[in-house]
Amino acid sequence: MKRRTWLPYVLLAPGLAWLAVFYLAPLVQLASVSLQSPFPGYPGYYYRNVDVGNYVTALGSFGAHFGRSVLYAALATVFAFALAYPLAYAVAFKAGRWRNLMLVAIMAPFLTSFILRTIAWRQILADDGFVARTLGVLHLLPGERITETWVAVVAGLTYTFLPFMALPIYAGLERVDPRLIEAGTDLYAGAFTTFRTVTLPLSMPGVLAGTLLTFIPAAGDYVNAELLGSDTGTKMVGNVIESQFFRVLGGYPVAAALSIVLMGLILVLVGAYVRRFGTKELV
Amino acid sequence: MRRNRRSATGGGGDLHLQALTKRFGSFTAVDALDLRVPQGSFFALLGPSGCGKSTTLRMVAGLETPTAGRIRIGESDVTASRPFDRPVNTVFQSYALFPHLDVRGNVEFGPRRRKVADAAAQAQAALELVAMDHLAAARPAQLSGGQAQRVALARALVNRPEVLLLDEPLAALDLTLRRRMQGELKRIQHEVGITFVHVTHDQEEAMSLADTVAVMNAGRIEQMGSPTALYDLPRTAFVAGFLGRTNLADGTILGRDGDWVVVQVGAHRVWLDRARCAEPDAPARSAVRVGIRPEKLRLHRVALGEEPPRGGFTAALGPATVVDISFTGVSTEYALDLPGIGGWRVFEQNLDIEDEDLRPGDEVVVSWDSRHAFGLSGRDEPASSSATEEDLVGAPGVIR
Amino acid sequence: MDVPLDPAVRALRRAAARSLATRREALGAGMGLAALAAVAACAPPPPPAGGGLDIRALPADVSARDRTLRFSNWTAYLDLSEDAKTYPTLAAFEKRTGIDVAYAEDIDDNDTYFTKIAPQLRSRQDVGADLFVFTDWMINRLIRERLVAPLELLRMPNATHLLDTMKDAPFDPGRHFSLAWQGGFGGIGYNRRKLGRDLRSIEDLWADDLRGKVVAVSEFRDTAGLVMLAQGVDITGSFGKTEVENAFGEVEKRIADGHIRRIRGNSYLQDLKSGNALAGLVWSGDLFSLRAETGDDSWQFVLPDSGGTLWTDNVAVPVTSPRRRNAEALMNYYYDPAVAAQVAAYVTYVCPVRGAQEAMEKIDPALAKSPFVFPTDDFLRRHARVFRALDADEDAEYGARWAKVVGN
C-alpha cells in the first residue's frame, strides 16, 4: 500500500499554503519591518536594517500602555467570566425549550458591527444618560462621568467579548453528563459542593477556552479605549500601534515592534496561564 | 448541610415504599407502588423500558421527587430528604465515573464529602473488594467496561449505604462479561450484606441474581416473588411472557371437577389446578387463558401412531403441524401450528439415541401433565403486545 | 455670523448624512484593520530621487478611449439627491461628457487612507482611484513625495475660478498639482442655550463651568493652531519648535487637568450631541451639520478673536492614474460656478469657486450670505489663517509629539 503515501500531503497542501501566505508571510513581514530604520531626511521611508531601537522605543516609551492592556484585558476577562458562567450555566442546564433562543440572543450582537455597538455604548453611558445619572444619584461614580474613564473601557471590553466567554463555557457545560452531577449529589455532595467538585472541573476546558478567547483579543483591542476611554489615562497598546502606524510619520517600524512585543507578552502570559490551569488530562 | 452517617450494622431496616407515585404531566410513570424490600436482600426490579422501574429507583435515590407516597428506610422517612442526605448510593447506568478524577479519587469522593477520617483506607478496602486496587491511579477513560463497572460499584459501596441501587449496571457489558459480573455482584452482595436493589430489563439476569424479583409493568408491580415461584406460576400473561416463554391457549370454563377447573380449548378438554388459576372462582362459560411452558410439553408422532397416555390428568391438543425445527444441543425446539389456537413451541430434551425423526409438515399431538398448566384471566394481555423489541432482549416472550 | 437655516429642508437632507456620519466612524476603525492587512510589500520602497517629477514616467493616458473615472472622496462631500440615491451634479457630468464615474466615499481619514494606498503609490502601482481628495497638509506630503500628477491647467479653463486667496497655497504654489475641493474653518463651537452665554476667545473655553465639557478635533494644525493664534503666534509664518511646543503644552495641560474631555476625529460631534460636551474646537461645516441635524439653532460656530484656522481639502490625480484627462474634465466641471453652488448648498463648507456665490443666490439666498461658505477676502484676512506647510522633518516631529499629547 505504498501508492497513496502522497495523499495526506496533497490534502494538507491547501491549508499549509493558506497558513504560509496569510499567516506566516505577514508575520515575517511584520518582524522585518520592526527592525527597519527610518530613511534619514525622508520621513515615512525606511530601509532594511537590524534596528533594535524600535524595540527600545516600544518598551521604553509605552510601558504604561502595555500595563493597561494586560490589566484591562485581565479585568474584562474576570468580569466576563463572572457574568458568562452563570449565563452559560443557565442556558446549559435550566433553559429548557428556551435554550436555542437564549443562544441566539447571546450571539445576536455579532449581527451588527461591534464598532457601532461601542458607539452606541457611548450614548448609553453619556453624562445625561440614564446609567450615569442613576449611578451619580447613588454616589457610585468615581468621578463625574463614566465615559472617558477606565471603568467605561473595561465595561466595553467586557461587553464586547462576553459572547467569546459565554459560548465556550456553554459548550463545555453542555458536554457535562448530567448523570455525573447526579452522581455527585448521590455521593453526599450538596448542590454547591457538587458544582465545585464536579461541574466546575469538568467545565474547565470551556472556561480555559473562554478566558483565552476573551483575554487575547481584549489585550490587543483598541476600539473600546478609543471610543470609551480618555486621551492620556486609558489608552492601550492597540491605540499606540494604530497611532504609530497611521498617524505618526515614520512610526511604522515602532508599530511593528509594538505588535511583536504585544504578541510575545500575550504568548508568555497565556503560556503561564495554560500551564497553571491547563486540563490536558481531561478526556 | 445535614448528613446521615451510619455504619453498615446500626440502625438498618427494610426499604419500604408506600403508595409511591410519580407523574410527569399526564403520564403516570409509577402508580401507587407498594413494596417492601427486606434488609440485606438482593432485590430485582424487572420490566421493559418505560415501565417505571428506573423512576422508582431514582425516587429512592432522591434524584426524583415523588408526586405522592412515602419512602422509608427502617424507621426513618426519607421521602423529603435530599439525595446527599440519604443512606442510599447508586451504581449508575454506564457508571457515571468522574472523568477528571482517577479511580482512587472517584472512590474517595463519597467518604471525603462525608468528612470521614480514613477516607483513603476505606477507598483502598473498597477497591480491594472489587479487585481494582491495582488500577487505583488510572483514569476512567483508560478502563474497560468491566473495570469501570467495578469502580462504580466500589465508589458506591465504600459509603456502606443501607441500600445500594443498581441501575441496569450490566447493560453496557458484552454477554460473557455480563455473566461474570453477575457472579461478582452476587459474591460482593453476600460479603457486604447490604440491601441491593437491582433494576434490569434482562429477565435472566434478574432471575439468576435476585432473591426476590418484582416484575413491573406500566408503573405497577405485576407480580413479585422468588424467581422459581414467578417462573412456575405467573399470575398475569405479562409476567408469563416476560419471564421465559409460555404457550397460551384461549378457552372457556366448562365447570369444576373437584380441585380442577375443566376448560374447553377448541375441540379438546384440558384441566387447570384451581390453585394455579389467577381467577379460581371464575364462573362457567367465562373466558380463561391456559398457559403451559414449552419444556413441560411432550410430542406424540401421529405417523408412528403415538398417543398421549389416557387417564389421569394428562391433557392433550392436536393434531398440530410442525412448522420449524431448531436443534440447540441440549434440546430441540419445535415450532408448531395448532389450528384454531395459534403457534406453540415445544422444547424436547435430546434424550433419544436415534436421529431426529420429525420433519416440517409432520403431524403431532402435544400433551402435558395438567399440574404444570396455569390459568390466566381471559381478559389479560400478554407482554409481547406492549413491549418493544429492545425490551425483549433476553425475554423471549409469549408464543400463541 | 450665523448661517441662516431652513430647518425643515435641511433636516431632510441631513438625514442621510447622519447615517453616513456613524458609518464613517465605523469605517475608520474597520479600515485600520484592513489596511494593516493590505500592507504586503516585501522591501520598503526607496525614497524619491532628487529633482522634479519625470512626467515621462507617468503612465500613458487612455482617457480618449477609456471613458471612465474612479473618484475617491470623503463621505457627505458631494450633493446627494433627496432620496439619497444619486449625486445630481455627478449624474449631469456623466450625461454631458459620457464619462462613467465610479464614485466611492472611501476616505474617512487622511492618515488611514494615505497609509492604505501609500505602498502602492510609492511603488507606482494602481491604487484604485484616478482622483482623490486630501487635506492641505497631507496633499503637501504627497506633492513633496511626488505622488500626484501635474495638472494641465490649460485643459481646465474653469480652474481660474479658484479663489485668489487659495491660488498660492503654501504647499502648491501656483496650483500645479491640486485644486481646492472644499475649505473649512477651525474655530469654537458651543451651545449658546445650554451655556447661557457666548464664547469669543480660546480663553473663554477654559472657564470653570466648562471643565470636562470641552472637546477638540484631533488635527493638531487646527486644535494647536487655534491655541497658537491665541498665544499670538503667526501660524502662516516662520514659527518653530518652541511655538509649537508651547501650544502642545497648553493642550496637554488642559487634558491633564480634565478640562478638555477628549480629543477626537469626526466623532467629537456625538459628544456635543449627547451633552457630554458643551463646547469645543471644531470644524465649521460639522457644526452646521449638527445644527441642521438637531434643528437646534443654539449651536454656534465662531472664529475666535485671535483668529480661526482655514484649511482646504484638495482634489488631485495620483501619479498612477492613466485617466488624467478624464479627471481634469471632472475638476473643470466642478469649477463651473453653478455646479459649485449646487455642491456648496449641500456640504456647507467653504466654497473655493469664485462666482458660485452669485449662483447660490438662486438656490439658497440665505446661504449665499454666509461668510463661512462664501468668505470675502477681507473676512479671511481679518479672521482666518492658514497653517503653513511643514517640511518633512517638522511634519514627522510634530506629528509624533502630538501623538504623545493625545495619549498615544
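Per residue, how large is the accessible surface of the protein assembly as shown? Use a 1.4 angstrom probe and give square angstrom. Mind dumping the intermediate values first?
On the way: 46090 Å² over 1091 residues.
Ligands and nucleic acids excluded, the figure is 42 Å² per residue.
Nearest 100 Å² is fine: what is the total accessible surface buried where chains C and A meet, probe 1.4 Å?
On the way: alone 17090 and 17130 Å², together 30160 Å².
Counting both chains, the buried surface is close to 4100 Å².
Longer than 23 Å from Cα to Cα, which of C:Lys241/C:Lys404; C:Lys213/C:Lys253; C:Lys95/C:Lys167 are they? Say none if no pair is. Spell out each step's value before the answer.
On the way: C:Lys241/C:Lys404 15 Å; C:Lys213/C:Lys253 15 Å; C:Lys95/C:Lys167 30 Å.
Pairs exceeding the cut-off: C:Lys95/C:Lys167.
For a label point 7 Å from the Cα of B:Asp77 along Cα→C-beta, name the residues of segment B:29-69 whose backbone N is under 14 Å from it.
Counting backbone N atoms under 14 Å from the label point, the list is B:66, B:68-69.
Quote the relative contact order of segment B:108-209 in percent (integer), defining contacts as alpha-carbon pairs under 8 Å separated by 6+ residues. Don't skip to the answer; put the middle values down first.
On the way: 93 pairs, mean separation 26.8, N = 102.
Answer for segment B:108-209 is 26 percent.
Alpha carbons only, please: Rg and Dmax for chain C, in angstrom.
Spelled out, the Cα radius of gyration and Dmax of chain C are 20.7, 64 Å.
Would you mind telling me which residue in C:Leu195, C:Leu272, C:Leu69 has the biggest mean-square fluctuation in a Gaussian network model of chain C, where springs connect alpha carbons within a distance under 10 angstrom?
Largest GNM mean-square fluctuation: C:Leu195.
Return the FRET efficiency for the residue pair A:Arg275, B:Arg70: r is the Cβ-Cβ distance, R0 is 35 Å, and the value is rounded to the nearest 0.05.
Numbers: r = 54 Å, r/R0 = 1.53.
With R0 = 35 Å, the Cβ-Cβ based efficiency is 0.05.
Keeping all protein chains in position, work out how much accessible area B:Val197 exposes to a 1.4 Å probe, and write it in Å² to the nearest 10.
The accessible area comes out at roughly 10 Å².
Restricting to Cα pairs below 8 Å that are 6+ residues apart, what does the relative contact order work out to for chain B? Please round to a whole percent. Walk me through the numbers on the way to the answer.
On the way: 894 pairs, mean separation 65.3, N = 400.
Result for chain B is 16 percent.
Just to compare against my own numbers: the Cα pair-distance distribution for segment A:107-243, 5 Å bins, whole % per bin, please.
Spelled out per bin, shortest first, that is 2, 10, 15, 15, 13, 12, 10, 9, 7, 5, 1, 0.
Can you check what the net charge comes to around A:Arg133, using other residues whose Cβ is under 15 Å from the Cβ of A:Arg133 (Lys, Arg +1; Asp, Glu -1)? Write out the running numbers ahead of the final one.
Numbers: positive: A:Arg145; negative: A:Asp127, A:Asp128, A:Glu144.
Around A:Arg133, the charge tally is -2.
Stick to the Cα atoms of segment A:49-277, pair each with every other, and give me the Kirkwood hydrodynamic radius in Å at one decimal. List each step's numbers first, then the result.
Values: mean 1/r = 0.0512 Å⁻¹.
One decimal place: 19.5 Å for the Kirkwood radius.
Across every pair of different alpha-carbon atoms, what Kirkwood hydrodynamic radius in Å does segment A:10-74 reach?
Numbers: mean 1/r = 0.0684 Å⁻¹.
For segment A:10-74, the Kirkwood estimate is 14.6 Å.
Against the 2.2 N^0.38 Å scaling, with N counting residues, where does segment C:288-408 land? I'd like the Cα-based Rg ratio to two decimal places. Walk me through the numbers on the way to the answer.
Numbers: Rg = 18.0 Å, N = 121, 2.2 N^0.38 = 13.6 Å.
Computed over Cα atoms of segment C:288-408, the ratio equals 1.33.
Is the shape of segment C:79-153 rounded, prolate or oblate, going by the alpha carbon gyration tensor and its root eigenvalues a ≥ b ≥ c, with a/c under 1.5 for rounded and a/b larger than b/c for prolate?
Working: a/c = 2.21, a/b = 1.72, b/c = 1.29.
Judged from the Cα gyration tensor, segment C:79-153 comes out prolate (a/c at least 1.5, a/b above b/c).
What is the calculated FRET efficiency for C:Lys253 to A:Phe192, with r their C-beta to C-beta distance and R₀ = 60 Å, to the nearest 0.05? Before the final figure, lay out each step's value.
Values: r = 54 Å, r/R0 = 0.90.
The computed FRET efficiency comes out at 0.65.
Using Cα atoms only, what is the angle between the long axis of helix B:103-113 and the major principal axis of chain B, expressed in degrees (0 to 90) to the nearest 10?
With both axes taken from Cα atoms, the answer is about 70 degrees.
So, with a 1.4 angstrom probe, what is the percent of accessible area on chain B that is carbon and sulfur? It would help to have the intermediate numbers written out before the result.
On the way: 8400 of 17050 Å².
The C+S portion of the solvent-accessible surface of chain B is 49 percent.
Mind checking which helices in chain C clear 27 Å along their axis (Cα) and have mean Kyte-Doolittle hydropathy of -1.0 or more, DSSP H runs only? Spell out each step's value before the answer.
Details: long enough: C:7-38 (44 Å, 0.37).
Passing helices, by number: C:7-38.
Give me the percent relative contact order of segment A:49-277, please, defined on Cα pairs under 8 angstrom at least 6 residues apart.
Once divided by the residue count of segment A:49-277, the mean separation gives 30 percent.
So which helices of chain A fit the span-like rule, where a helix is a whole DSSP H run, its Cα atoms reach 27 Å or more along the axis, and its mean Kyte-Doolittle is at least 0.5? Could you put the intermediate results ahead of the total?
Values: long enough: A:63-89 (38 Å, 1.14); A:150-174 (34 Å, 1.38); A:252-277 (37 Å, 1.77).
Membrane-span-like by this rule: A:63-89, A:150-174, A:252-277.
Separation between the B:Glu128 and C:Ser238 pseudo-spin-labels, each 7 Å from Cα along Cα→Cβ, expressed in nm?
10.2 nm
What FRET efficiency would be calculated for the residue pair C:Phe379, C:Ala338, taking the C-beta separation as r and a Förster radius of 25 Å, to the nearest 0.05?
So, using R0 = 25 Å, E works out to roughly 0.60.
Treat each spin label as a single point 7 Å out from the Cα along the C-beta direction, and report the A:Val52 to A:Trp98 distance in nm.
The modelled label-to-label distance comes out at 5.9 nm.
Determine the gain in length on full extension of the stretch B:Arg180-B:Asp324; use 0.36 nm per residue of separation and subtract their C-alpha separation, reporting nm with one decimal. Walk me through the intermediate numbers first.
On the way: separation 144, 0.36 × 144 = 51.84 nm, distance 3.34 nm.
Length gained, B:Arg180 through B:Asp324: 48.5 nm.
Rounded if a/c is under 1.5, else prolate if a/b is larger than b/c, else oblate: which is chain B, with a ≥ b ≥ c the root eigenvalues of its Cα gyration tensor? Kindly include the intermediate steps, with their values, before the conclusion.
On the way: a/c = 2.94, a/b = 1.90, b/c = 1.55.
Prolate.
Rg/Rh for the protein assembly as shown to two decimals, with Rh computed the Kirkwood way over all alpha-carbon pairs.
With Rg and the Kirkwood Rh in hand, the quotient comes to 1.21.
The values are calculated or read from the model by the stated rules, or taken from the named source; none is laboratory data. What you see is a predicted model, and the numbers here were worked out from it, not measured in a lab. As a convention, Cβ positions derive from the backbone with ideal geometry for all residues, glycine included, and neighbour counts pool all protein chains shown. Each accessible area value is taken on the protein alone, full model and side chains, heavy atoms only, with ligands, DNA and RNA left out. Shrake-Rupley method; radii C 1.70, N 1.55, O 1.52, S 1.80 Å.
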